[in-house]
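The values are calculated or read from the model by the stated rules, or taken from the named source; none is laboratory data. These numbers come from a predicted model, not from an experiment. Glycine gets a Cβ as well: all are built from the backbone with ideal geometry, and neighbour counts include every protein chain shown.
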């Protein structure tokens, strides 16, 4: 379970940062950034927050709403950054992920002294110090919160895209290469939201 141990060890204003959507064949990559100001958060958040991949969709949405309710109370700050599928194709997914993270941090109401980022790849050209944390979304409350924010926000985007492009089951697969997604590609081809630089999509060009 996450804790505030990493945040406390840094001892300055810290933003947790995480992304959602590096693997899918379609849609943007999304990053969340969260600064927790008051560690006495809602008990449901403290007891349930974890890596978004370990939590059900319903629970993620519940925590997402709880986090934004805490922001309204002034206990934390949240920001979201995106990089489009075109940017992913132009600069590659890693650099696009870093761009989304940079946009998320830049969108915070206050600038952090440090960003703690999930994973082992250090973003470049950040406006503050950066520390990477492997499995950070299971270790840090700030990163876990960012993980939830990024994942739920991206799922919302993919559900909107599913209405615009109804043949790929984006509302169910979030752009990953599932059987229904592949069937849609075979029958209808690619959309403007597909990542043309990805090998599976190249086969449908």
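Among the residues of the range 41-68, those that are farther than 19 Å from residue 154 by Cα and either surrounded by 13 or more Cβ atoms within 10 Å (Cβ to Cβ) or modelled with pLDDT of 95 or more (or both) comprise 41, 42, 45, 46, 48.
When residue 59 is tested against (1) without any contact (Cβ under 8 Å) to a residue 12 or more places away in the chain; (2) within 27 Å of residue 177 (Cα to Cα); (3) out of contact with any helix residue (DSSP H, G or I) (no Cβ under 8 Å at 6 or more places or on another chain), only condition (3) is not met.
Please verify whether the range 121-132 includes one or more residues that are free of Cβ contacts under 8 Å to residues at least 24 places away in the same chain, assigned to a loop (DSSP other than H, G, I, E, B) and surrounded by fewer than 22 Cβ atoms within 10 Å (Cβ to Cβ). Yes. In the set 34, 17, only one residue is in contact (Cβ under 8 Å) with a residue 60 or more places away in the chain and within 30 Å of residue 196 (Cβ to Cβ); that residue is 17. The number of residues in the range 164-181 being over 24 Å from residue 49 (Cα atoms), surrounded by 15 or more Cβ atoms within 10 Å (Cβ to Cβ) and either touching a strand residue (DSSP E or B) at 6+ places or on another chain (Cβ under 8 Å) or touching a residue at least 12 places away in the same chain (Cβ under 8 Å) (or both) comes to 9. Among the candidates 148, 80, 88, 116, the residue that is in contact with a strand residue (DSSP E or B) (Cβ under 8 Å, 6 or more places away or on another chain), under 21 Å from residue 24 (Cα atoms) and assigned to a strand (DSSP E or B) is uniquely 80. Taking the range 70-87 as the range and being more than 15 Å from the chain's Cα centre (by Cα), buried (at least 17 other Cβ atoms within 10 Å of the Cβ) and farther than 21 Å from residue 115 by Cβ as the test, no residue passes. Look through the range 21-40, keep the residues that are over 15 Å from the mean Cα position of the chain (by Cα) and in a loop (DSSP other than H, G, I, E, B), and return whichever of them is nearest to residue 153 (Cα to Cα). Looking at residues that are over 15 Å from the mean Cα position of the chain (by Cα) and in a loop (DSSP other than H, G, I, E, B), I get 25.
The number of residues in the range 134-163 that are touching a residue at least 12 places away in the same chain (Cβ under 8 Å) and more than 10 Å from residue 16 (Cα to Cα) comes to 16.
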